[in-house]
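Just so you know, all these numbers are worked out from the coordinates, no wet-lab data involved. All of these numbers come straight from a predicted model, not from anything done at the bench. Virtual Cβ from ideal backbone geometry, glycine too; neighbours counted across all protein chains shown.
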Amino acid sequence: MPSPSLQEICAVFGSPVAGNPTQFMMEKAFVHHGLDWRYLTLEVTPEDLADAVRGMRAMGFRGANITKPHKVTVVELLDRLTDAAALMGAVNCITRDEHELVGENTDGKGFMQSLRGIVDPAGKRVVMFGAGGAARAIGVELALAGAASMEVVNRTAERGQQLVDLLNAKTQSPATLTVWQGEYRMPAGIDILINATSIGLNDPEARVPVKWTTAIERLVVADVVASPPDTRFLQEAKDRGATTVDGLGMIVHQAAIAFRLWTGIDPEINVLREAVEEFVAL
Ligand code: NDP
C-alpha cells in the first residue's frame, strides 16, 4: 500500500467533467481513510487525449477515470487491458502496475455489485434497453456472470446488433436484438429488466416507452440513471410491485472498485453512498 504521506493524484479525463459525482465521492473517501490524495477533473479534447495520457505517465498519477467521449479511443494508448475491458473494447478506469498503464472497465462491475445485493443474475433471463457504453459494459458482465439469455432492445438497429454480435461471439449467453419502435411490450417469463439508456437523465418526467403487459411482482427492475435516482421508470415498476435497483448503487460501486484498485484500501461504502446522495441533492 502506498504511504499516506505521499500526495498522490488521480484524475478524470473527459468532456465536460465539471461537477463530477465520482470526484465528490473520491475526495470524501480520501479524507475518511486519512489519505492525502487528490482527484482532479481535467477537461481533455479528443485531439489532446494522447498527450494527456503521456502526461499522466510523466507526472506519476496513480490512476484515472475516463468518461465520454474517450472510453474507446483511450484503449490504444494503454499498455494492456483487463479481460473484461478487452471484451468491451472500452475503458473507464486506468490503473498503474509499476510502469504500465492498465485499462479496466468498472461500469459493468459496479452495476453487477449493486444488482447482486438483490439477485444473482446467473441463470436469469434479462431484457436490457440500450446498446451504448453503459449497456455494453453491463451486457458483457451479465453474460460473464452466466445470465441465461439477453434481449437487447435498442432504437438504432446497427448499434444494437453490434452488442448482440459481441455477446454471441465472445460469451456463452445467447443474445437477441429487438429494434425499439413505439412501446416495448414486456414478454412474460423474464427475471431482470434494465434501463441502460440515457432516458431519464436530468429529466424526472422522461418516460421509458414500455408497456407493462404482464405481472411483474417477481421482476427485478434496474436503472443506470443516477440523477435523479428515483426515475419515472423505477417509479412505474415499483407501483406494479417489482423490486427496483437505482443508478446510485452502480455509481457508488464503480467508484469503490476504482478506489480499491488505486489505493489498495477497501473504501467505506456508506461514505461513498452519502457523498453521492449529497451530490445529487445539490
Ligand atoms: P450512450 O450515448 O453510449 O448510449 C445511450 C443509449 O441510450 C443508446 O442505446 C441510445 O440509443 C439510448 N437512448 C438515448 N435516448 C433514447 C431515447 N429517447 N429513446 C430510446 N433510446 C435512447 O450513453 P452511455 O451508455 O454512456 O450512458 C447511458 C446512461 O447510463 C446515461 O444516463 C449515463 O448517465 C448512465 N451511466 C450511469 C452510470 C452509473 O454509474 N450509474 C455509469 C455510466 C453511465 P441509440 O443507440 O438508438 O441512440
For this session: Evaluate the distance, in nm, between pseudo-label points positioned 7 Å from the Cα of residue 119 and of residue 243 along their respective Cα→Cβ axes.
Result: 0.8 nm
Seminar exercise, completed: Within the under-14-Å Cβ sphere about residue 247, not counting residue 247, Lys/Arg +1 and Asp/Glu -1 give a net charge of -4
Seminar exercise, completed: Here the net charge surrounding residue 92, from other residues whose Cβ is less than 9 Å away from its Cβ (Lys, Arg +1; Asp, Glu -1), is -1
Exercise. Considering amide H positions built from the backbone, and no H for Pro or chain starts, which residues 5 or more places from residue 101, or on another chain, come under 5 Å of its amide H?
Worked result: 79, 80
Exercise. In terms of Cα to Cα distance under 19 Å, which lysines are near enough to residue 238, apart from those fewer than 8 places away along the same chain?
Worked result: 211
Seminar exercise, completed: Of all DSSP beta bridges with both partners in the chain, the antiparallel percent, nearest 5, is 20 percent
For this session: Using 0.36 nm per residue of separation minus the Cα-Cα distance, give me the extension gain between residue 183 and residue 281 in nm, one decimal.
Result: 32.1 nm
Exercise. Could you work out the helix-only [θ] at 222 nm for the chain, with each DSSP H run of four or more residues adding -39,500 (n - 2.57) and the total divided by the number of residues, to the nearest 500 deg cm²/dmol?
Worked result: -11000 deg cm²/dmol
For this session: Step through the residues of the range 163-174 one at a time and calculate ³J(HN,Hα) from phi using the Karplus curve (6.51 cos²θ - 1.76 cosθ + 1.60, θ = phi - 60°), rounding each to whole Hz and writing x for Gly and Pro.
Result: 5, 4, 4, 4, 5, 5, 7, 10, 9, 8, 8, x
Seminar exercise, completed: Karplus-derived 3J(HN,Hα) from phi for the range 149-159 (6.51 cos²θ - 1.76 cosθ + 1.60, θ = phi - 60°), whole Hz, x at Gly and Pro, runs 7, 9, 9, 8, 10, 9, 5, 9, 4, 4, 5
Seminar exercise, completed: Simple SL model, points at 7 angstrom along Cα→Cβ for residue 202 and residue 176; separation in nm is 3.7 nm
Problem set entry | For residue 40, distant residues with modelled amide H under 5 Å away | 10, 11, 12
Exercise. What residues qualify as long-range amide H neighbours of residue 231, i.e. H under 5 Å apart, gap of 5 or more or another chain, H built at 1.01 Å from N?
Worked result: none
Exercise. Which ³J(HN,Hα) values in Hz, rounded to whole numbers, follow from the phi angles of the range 124-139 under the Karplus curve 6.51 cos²θ - 1.76 cosθ + 1.60, where θ = phi - 60° and Gly and Pro get x?
Worked result: 9, 8, 10, 10, 10, 7, x, 8, x, x, 5, 5, 4, 5, 5, x
